[in-house]
Amino acid sequence: MTDLSTKYMGLELKNPIVVGSSGLTKSAKAVEQCADAGAGAVVLKSIFEEQIVHQVEELASSAGGMWHPEADEYITAYGRESAVADFLELIKKAKKSVSIPVIASVHCVSAGAWTEFAGKLEDAGADAIELNVLNLSSDPRLTGPEKERVYHQIVEAVKEATKIPLALKIGQQFSSPAHVLTALSESGVDSLTLFNRPYNPDFDIEKLEVVPAKHLSNPDEYVSALRWISILAGKVNCDLAAATGIHDGAAAIKQLLAGAAAVQAVSTFYQNGLSRLEEMLSEIESWMKRSGFETLGDFRGKMSQSQSENPAAFERVQFMKHSVGIE
Ligand SMILES: Cc1cc2nc3c(=O)[nH]c(=O)nc-3n(C[C@H](O)[C@H](O)[C@H](O)COP(=O)(O)O)c2cc1C
């Protein structure tokens, strides 16, 4: 018997595939479809800090120069009156319609007044919270440690407001990712989701307009998470979830071998439909049978750097070896 169950942030998941925050989880109906497709858990489409702040009528005082005045009109439209109520209703309805864990998601940039709202997510029935923290380091006056402090402030404030597990979905743009992520793992978070795939602006050179860059990932993008989960597994004080570029069962298996407790996917479901999820699970199951593994615990982290016989394979030595052979 192959057992795909996993424990993620203390939650019992029947399998490690989590449908990530996106339009695929924006309604109770959509969440139900994810559960029917076999998902181990879902992360709901995010509510934005700006929407929460707008609603609690603290925009002016707590924004503190976070956005330009020209953006006010956009924020007013975006943070429409019912956004918070709608989000809480989504959690309640989703919890009623599925038995898998429902993880609420907030897209945030600061530890402002919005963090008090986190308690409401718990009251609405969310099993956990994932914070997608976008901390674009575009202000030349701010140092790395100053920016990193924001993450700790956010975790501290949200932890104070809730008791449910907390995940931080985070980018890799740090001068010392191992240091920053290890310190965050000691901050009280229950999991780090590595990595987010932030919206990037692109240019339309005919209209001279800024347009969104391609929003779906490619199947070769999974390697960044793979490297860092391999390096960090067994060394951090929280779970690790892999995200970005996981399009098939093989990519999911690799993240588990690296040490991930769960694997999030989005783009592959947009491209191939939710039936892809069942295919991924079958791939994992048949690979486990072939390899003689009965549970995820039998192989999780087996290829992490700390368990590797060749730890240098994750670092510069391998890069040198590989590059020298490339003409
Ligand atoms: C259409 C779309 C909407 C998304 N919305 C959110 C969101 O609201 N919050 C969030 O944290 N991530 C959001 N994401 C990012 C995904 O959760 C995920 O991190 C990203 O797509 C990388 O994973 P993938 O390679 O499996 O697509 C969105 C992605 C897509 C494609």
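The values are calculated or read from the model by the stated rules, or taken from the named source; none is laboratory data. Predicted, not measured: the structure shown is a model, and the values here were computed from it. Don't worry about glycine lacking a Cβ; one is built from the backbone with ideal geometry, like all the others, and counts go over all protein chains shown. Heavy atoms of the whole protein, side chains included, go into the accessibility calculation; ligands, DNA and RNA do not. Shrake-Rupley method; radii C 1.70, N 1.55, O 1.52, S 1.80 Å.
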For residue 26, other-chain or 5+-apart residues with amide H closer than 5 Å (H placed, Pro excluded) are 45
Note, the range 4-13: 3J(HN,Hα) by Karplus (6.51, -1.76, 1.60, θ = phi - 60°), whole Hz, Gly/Pro = x, goes 9, 5, 8, 9, 10, 6, x, 8, 8, 10
Of 142-150, 157-165, ordering from highest average Cβ density within 10 Å down gives 157-165, 142-150
Log entry: pair-distance distribution for the range 123-225, C-alpha pairs binned every 5 Å from zero, whole % per bin is 2, 10, 19, 19, 16, 15, 11, 5, 2, 1, 0
About its Cα centre, the chain carries a charge dipole, from +1 on Lys and Arg Cβ atoms and -1 on Asp and Glu Cβ atoms, whose size in debye to the nearest 20 is 840
For the chain, dividing by residue count, accessible area per residue (probe 1.4 Å) in Å² works out to 50
For 172-181, 255-264, 186-195, ranked highest to lowest by mean beta-carbon neighbours within 10 Å, the order is 255-264, 186-195, 172-181
Label model pair residue 204, residue 271: point-to-point distance (7 angstrom along the Cα→beta-carbon line) in nm is 2.5
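Taking Cα pairs under 8 Å and at least six residues apart, what relative contact order does the chain come out at, in percent?
Relative contact order comes out at 17 percent.
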So the angle from the long Cα axis of helix 275-291 to the longest Cα principal axis of the chain, reported in degrees to the nearest 10, equals 30
In nm², the average projected area of the convex hull spanned by the Cα atoms of the chain is 19.0
The set of residues whose placed amide H lies less than 5 Å from the amide H of residue 192, leaving out same-chain residues fewer than 5 positions away, is 168, 239, 240, 241
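Using Cα pairs closer than 8 Å and at least 6 residues apart in sequence, work out the relative contact order for the range 210-317, in percent.
Reported relative contact order: 31 percent.
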Surrounding charge for residue 303, neighbours by C-beta under 14 angstrom, Lys/Arg +1, Asp/Glu -1, total +2
Burial-style ranking of 208-220, 240-252, average other-beta-carbon count within 10 Å with highest first, yields 240-252, 208-220
